1. Between G133 and residues 5 or more places away or on another chain, which pairs have amide H atoms under 5 Å apart, with H built 1.01 Å from N, and which residues are they?
2. Exposure proxy check: Y132, Y64, Y103 ranked by fewest other beta carbons within 10 Å?
3. Applying the Karplus parametrisation 6.51 cos²θ - 1.76 cosθ + 1.60 with θ = phi - 60° to the phi angles of region 86-94, what ³J(HN,Hα) value in whole Hz is obtained for each residue in order, glycine and proline being reported as x?
4. Relative to the present Cα-Cα distance, how much length would full extension add between V408 and V81 at 0.36 nm per residue of separation?
5. Quick one: of K70/K434; K154/K371; K241/K279; K70/K243; K70/K279, which pairs are farther than 29 Å apart, Cα to Cα?
6. Just want the ordering: V100, V82, from fewest to most Cβ atoms lying within 10 Å of their own Cβ.
7. List the chymotrypsin sites (Phe, Trp or Tyr not before Pro) in region 311-419 that DSSP assigns to loop (not H, G, I, E or B) and whose Cβ has at most 13 other Cβ atoms within 10 Å. Which are they?
8. For region 203-241, run through the trypsin sites (Lys or Arg not before Pro) and keep only the ones in DSSP coil with at most 11 other Cβ atoms within 10 Å of their Cβ.
Amino acid sequence: MAVSGSIKIRAEKAPAARRCAAPRWLAAAGAASLSLLLAASSLAQGVAPAQTPAAWTLPLLIRYALANNKGLAASRLAVTVVGEDVAIAGGQRLPRLDAVGKYQLFPEHRRLLIERHGKRADNPFQSSILNYGFEATLPLYTGGRIRREISVAKASVAAARSRSQLTRQELIFNVTSAYYAHLRIRDVIAANEALVRAVGESRRIIQEQVNIGRAARIESLRLDARMSEAETQLAVARNAKRKIAATLKALLTLPPAAQLEVVGRLAPANPTMDMDTLKITALALRPDILALESEVEAQKSRIEIAQARRGPTLDASARVGGVSGESNTEIESRFMLSLRIPLYSGGILEARKRQAVSRLGALRARFAAVKRRALAEVERAQIELSSVKTRLDAASRAVALADEAVRVERQRFREGRGTANDLLLAEGSLLRAKTSLASVMADSRVAAAALRLATGELDAPDL
C-alpha cells in the first residue's frame, strides 16, 4: 500500500532570549520525529525513494528486478531449504544422544524367571520399576546409505541452484523483451504523432484552398477521415505502451501507481555467431540442462540407497542411568551392539528399488529431450538473428524512400500540383516504414537476448 503525505513546518521568529532558552533536546527530538516520519513513508511505499531512479535504463531495470522480483526470491529460498538436507544427511554419521525413560508395572505378584530389579543377592521382585538415564547411539555400518544420502542432498542443492539460475536468466530475458518492446512502441507513437501533425497541417492547407475555391470539399472530408484514423492508431499505440509499462512494473514488483520513465535508444544488434560453438556452449552452460544432470546423479545415488536398505546394518549404543523400584534405586550402565538383517519386508524394499530405477529412466529421457530442445532453440535464435541484417537494410531503405516521397508530395500539395490523396498515401507509407524499422531493431535485440538465453550466457548488463 502506497502512503504519501506532506509535512508543513511553519517557522516563527522568536525573541532572542526565548531562542536561547529553548532546550537542545527539543530540536533533536523534532529532527528525529521528522526522520521517523520520512522513513515510515518510504517503508509504506515498499522501496526507498533513493532506490527508485527517475529514468530507467535497461541495466537499472534488470538489476532492480533481480533485487526485488518475488519469483526469483522464492527460487533462492528454495536453494536454502534444500541446503538443509546436506546437514540432515551428514548428521546421521554423528552419535545421537537421548534422554530416555521407561516405567514398568507388574500387577501379578508371582515369582517370574527374570529379574525385575538389578542383580542383587537377595533378588527382590518389584511390582513397579522406573528406568531412566541417557543413551548414545552410533551407526557403525549402513552399507554406504548415509554417504549416498549426503551425495543426494548435494546433488539436489546443485539442481536447485541451477533452477534458480534459470529463473534469473528468464527474468532478465523478460525484462529485456519488455524494455525493447517499450522502445519500439515509443518510436511507433512518435511516428503516429508526426502523422497526426502532418495530417493536421494538410487539413489546414486544404481548408484554406476550399475557402478560396481552389479545392473541392471532398478533399477536406478525406483528410478528416484520415485524421480520425491516425488519432485512433495513436490511441492504440499509447494503450499498448501502458500495457508494456504494467508488465515491467509487475516484473520489477513496483506498485501500479509508480511512474516508470524508460529511456534508451533503439539500435540493432549484430553479434558474431558460430553455430558449433553456440551448441557446445548451450550444452555446457544451460541451467535447465545442469539441473537435470544433477537430478540424474541424485537418482543414481537413490538406487544405491534402496539397495543398501536391503543389506545389514550395525549400530552401537551405550546407556547410563538409574533403575528405581519400590524400595531403592541403583545406577546401571550398558553397552550394546545391534545387528539388523532384513529377511522379509513384504516386497517393499524391492519395490522401492524398482521405483528408483524407473525414475532414473524417466529423468534420462527428460534429459535427452531438454538437450534436443536446447539445440533447437539455439538454432532458431541464430536463424532469427541472421535474418535481421537483411530485414534491417530493407527497412532502412524503405524509410529513406518513403521520407523522400512524403517530402515531394508535400511540396506538390502546397504548390497545388498534387492531391491530398497522394499525400495521404505517402504519409501512410512513411508511417508503415518507420514502424517496420522499429520492429526490426527491437526484434534484433530480443533475438540476441534469446540467443544468449538459449546458450545459458544471459546475464545482467553493466551499468
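1. V100, G322
2. On the way: Y132 14, Y64 21, Y103 10.
Lowest to highest Cβ neighbour count: Y103, Y132, Y64.
3. With the stated coefficients, region 86-94 comes to 5, 5, 5, 5, x, x, 5, 6, 8 Hz.
4. Working: separation 327, 0.36 × 327 = 117.72 nm, distance 6.86 nm.
Extending this stretch completely gives an extra 110.9 nm.
5. On the way: K70/K434 37 Å; K154/K371 23 Å; K241/K279 36 Å; K70/K243 20 Å; K70/K279 32 Å.
Listed pairs above 29 Å: K70/K434; K241/K279; K70/K279.
6. Numbers: V100 11, V82 19.
So the ranking, lowest neighbour count to highest, is V100, V82.
7. Listed in order of number, the matching sites are Y344.
8. Listed in order of number, the matching sites are R214.
Throughout, read-outs are computed from the coordinates displayed, never taken from laboratory work. Since this is a predicted model, take the numbers as computed values, not measurements. Using ideal geometry, Cβ is built from the backbone for each residue, glycine included, and neighbour counts are taken over all protein chains shown.
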